Amino acid sequence: MTASPTCVLDASALLAVLNNEPGGPNVLDVLGGALLSAVNWSEIVQKSLESGIAASPSRLRRDVEGLGVTIVPFGAEDAELAAQLRSSTQILGLSLADRACLALAARTDLPALTADRAWAGLDVGIRVRLFR
C-alpha cells in the first residue's frame, strides 16, 4: 500500500539524503509519502552523475522509488503554472526546476520541502517547509 502524499520535494531535499548532508535525516522521515517533479529528478540525476554518487540513473530511480518517493511527470498544467510563477519569483532567482517543484506543490495542495531559505519569503500562496 502506497502512503498518501505528504509533501513535494525540491531537489535539495533528496540530495541532502543522498549526500548525507545536514537536514538529510529530516527528509528521510517523509520520503514514504513524497512527490518529486520529473524536472527535479533530472537535476538530481545530473548532480548524482557529476559527483559519482550514481553510475546508473535507472538504478538510482529504483532505489529512490523504493524509499517511497513518487516521481511525477511534468505536464502541461505544471509547465503553465511554473511559467506564471516566473514573475513573482524572479527577484529571488528561482530556476525552472524550483518553479516546477512549486507548481507541483500548488497543484497537489502539498507543502514544498526545500533547503533554500529564499523560498520562505515567497508570497505565492504555496506552503513551503525548510528542512534545515
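Each reported figure results from applying straightforward, stated rules to the coordinates on display, with no laboratory input. The shown structure was predicted, so the numbers you read here are calculated from the model rather than taken from an experiment. When we count neighbours, we look across all protein chains shown, and the Cβ atoms used for this are built from the backbone with ideal geometry, even at glycine.
With a simple spin-label model that places each label point 7 Å from the Cα along the Cα-to-Cβ direction, the separation between Asp123 and Gln90 comes to 1.8 nm.
Given R₀ = 35 Å, what would the calculated FRET efficiency be for Asn19 paired with Glu80, taking r from the Cβ atoms and rounding to 0.05? Intermediate values should be presented prior to the final figure.
Numbers: r = 32 Å, r/R0 = 0.92.
Rounded to the nearest 0.05, the efficiency is 0.60.
The stretch 67-132 and the stretch 7-65 have Cα centres lying 16 Å from one another.
Convex hull over the alpha-carbon atoms of the stretch 62-112: what's its volume per residue in Å³?
On the way: hull volume 4.5 nm³, N = 51.
Residue-normalised Cα hull volume stands at 88 Å³.
Order 26-38, 72-84 from most to least packed using the mean count of other Cβ atoms within 10 Å.
Numbers: 26-38: 18.8, 72-84: 15.4.
Going by the mean number of other Cβ atoms within 10 Å, highest first, we get 26-38, 72-84.
For the chain, the dipole from Cβ point charges (+1 on Lys and Arg, -1 on Asp and Glu) about the Cα centre works out to 120 debye, to the nearest 20. Entry note, the stretch 7-130: relative contact order of 30 percent, from Cα contacts under 8 Å with a spacing of 6+ residues. Taking amide H as placed 1.01 Å from N in the peptide plane, Val8 has its amide H under 5 Å from the amide H of Leu35, Ala112, Leu113, each at least 5 places away in sequence or on another chain. Considering only Ala118, Gly33, Asn20, the residue lying farthest towards the positive end of the dipole of the chain is Asn20, judged by Cα position with unit charges set on Cβ.
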